[in-house]
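> Have a look at this one.
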Amino acid sequence: MKIAIEQAVIRAIDTMHENLGELLTIDDMAQAAMYSKFHFSREFQRVTGVSPRRFLSAIRIEAAKRLLLETTATVTEISHRVGYNSVGTFSSRFAASVGVSPTMYRQLGGYTEEIVVDSRRRSAASGHSTVRGEIRSEATEELGQVFVGLFPSRIPQGRPAACTVLPRPGAFTLDRVPPGTWYLLAHSVPASCEESLTADREVFVGSVGPIEARPKVPLLPIELRLRPIGALDPPVLLALLDIRSAAFEQDDAFDERPVADAG
């Protein structure tokens, strides 16, 4: 039964990839999965950790990242190809998800020079927690630096509540974690790919959550295992951190209002 449900979800995800520039409704996705609308949305959320609409929005941004690196199409052309009618909406959503604008992402070759932390949430909260644990890997080759962050959903996008970068899988500590419900997300690329700032790289991912951070309640150490990203995993939308610059910035002007999902 589990395999049948996962195959149904994969059919829906394949439909998303094949129709990025089209208006896709929940009914369309459910039909591809051969499920009722209600049953489809529930099972999709259970299997992937996010709603169908959020997953679709994520793969649209992921496709835009690839087009920015692999083609010479303009930002306007790319925005239409991935289902956005407004280039302004696309650019805002891209920057909020990836951490840099589409133009800057292209110029940097898919990497960013810094990760912006959600400092408003951290500074406003009282009773911070510490999350620590161990990152392990299923990779047969040596992985390079590992990004580890806490996010409000299973999609690694936007500004994390706390984050760090490890030179390789191993022990980590995240201090000053604000109270809330978080997902610990990590990603890495093989060390042999770190010097090549191209889109053709294998990403290893891992997630643990939800994690409840509460004032004065100690959290047990967490073990997170990295594995090759699969069809059911939400895309990594954050730009990978340039190994030449592992900087973090706190943006006091961060707007915490949620951004609506694209089409």
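> When you look at residue 133, is it under 22 Å from residue 160 (Cβ atoms) and part of a loop (DSSP other than H, G, I, E, B), yes or no?
On the way: under 22 Å from residue 160 (Cβ atoms): yes; part of a loop (DSSP other than H, G, I, E, B): no.
So residue 133 does not fit the description; no.
> Could you tell me whether any residue of segment 79-90 is crowded, with 22+ Cβ neighbours inside 10 Å, among the aromatic types (Phe, Trp, Tyr), part of a helix (DSSP H, G or I) and in contact with a Pro (Cβ under 6 Å, 6 or more places away or on another chain)?
Within segment 79-90, not a single residue is crowded, with 22+ Cβ neighbours inside 10 Å, among the aromatic types (Phe, Trp, Tyr), part of a helix (DSSP H, G or I) and in contact with a Pro (Cβ under 6 Å, 6 or more places away or on another chain).
> Could you grab me the full set of residues in segment 1-14 that are under 21 Å from the mean Cα position of the chain (by Cα) and open to solvent by less than 30 Å² (accessible area, probe 1.4 Å)?
9, 12, 13
> Turning to a different aspect of this structure: Please go through segment 57-79 and give me each residue that is touching a residue at least 12 places away in the same chain (Cβ under 8 Å) and over 16 Å from residue 95 (Cα atoms), ordered by number. Write out each step before concluding.
Kept after step one, since they are touching a residue at least 12 places away in the same chain (Cβ under 8 Å), are these residues of segment 57-79: 57-70, 75, 78-79.
Within segment 57-79, 70 is the sole residue that qualifies.
> Next question. For segment 42-66, give me the residue count where each residue is surrounded by 22 or more Cβ atoms within 10 Å (Cβ to Cβ) and basic (Lys, Arg).
Number satisfying all stated conditions: 2.
> Listed residues 43, 22; which is part of a loop (DSSP other than H, G, I, E, B) and among the acidic types (Asp, Glu)? Talk me through it step by step, then tell me what you get.
Values: 43 fails: part of a loop (DSSP other than H, G, I, E, B).
That would be 22, the only listed residue that is part of a loop (DSSP other than H, G, I, E, B) and among the acidic types (Asp, Glu).
> Report, ordered by the first and then the second residue, all pairs with beta carbons closer than 7 Å, sequence separation of six or more or different chains, a first member in segment 80-101 that is farther than 13 Å from residue 60 by Cα, and a second member that is open to solvent by less than 20 Å² (accessible area, probe 1.4 Å) and among the aliphatic types (A, V, I, L, M).
99/115; 99/238; 99/239; 100/239
> Next question, about the same structure. Among the strands (runs of 3 or more DSSP E) contained in segment 158-262, which hold 1 or more residues that are at pLDDT 80 or above and within 19 Å of the chain's Cα centre (by Cα)? Steps first, please.
Numbers: elements: 162-166, 171-177, 180-190, 204-213, 222-228, 247-250.
Output list reads 162-166, 171-177, 180-190, 204-213, 222-228.
> Go through segment 165-178 and give me each residue that's touching a residue at least 40 places away in the same chain (Cβ under 8 Å) and within 22 Å of residue 202 (Cβ to Cβ). Break it down stepwise before answering.
Here is the first cut: in segment 165-178, the residues touching a residue at least 40 places away in the same chain (Cβ under 8 Å) are 165, 169, 172-178.
Answer for segment 165-178, where residues must be touching a residue at least 40 places away in the same chain (Cβ under 8 Å) and within 22 Å of residue 202 (Cβ to Cβ): 165, 169, 172.
> Identify, from the list 184, 69, 174, the residue that is touching a Gly at 6+ places or on another chain (Cβ under 7 Å) and crowded, with 20+ Cβ neighbours inside 10 Å. If you could, list the steps in order and put the result at the bottom.
Values: 69 fails: crowded, with 20+ Cβ neighbours inside 10 Å; 174 fails: touching a Gly at 6+ places or on another chain (Cβ under 7 Å).
On inspection, the qualifying residue turns out to be 184.
> Of everything in segment 66-80, what is among the charged types (D, E, K, R) and modelled with pLDDT of 95 or more? Give them in sequence order.
The first filter runs over segment 66-80 and keeps only residues among the charged types (D, E, K, R), leaving 66, 70, 77.
Result: 77, single match.
The values are calculated or read from the model by the stated rules, or taken from the named source; none is laboratory data. Given the structure is predicted, the values throughout are model-derived calculations rather than measurements. Because the Cβ atoms are built from the backbone with ideal geometry, glycine has one as well, and the counts that use them run over all protein chains shown. Each accessible area value is taken on the protein alone, full model and side chains, heavy atoms only, with ligands, DNA and RNA left out. Shrake-Rupley method; radii C 1.70, N 1.55, O 1.52, S 1.80 Å.
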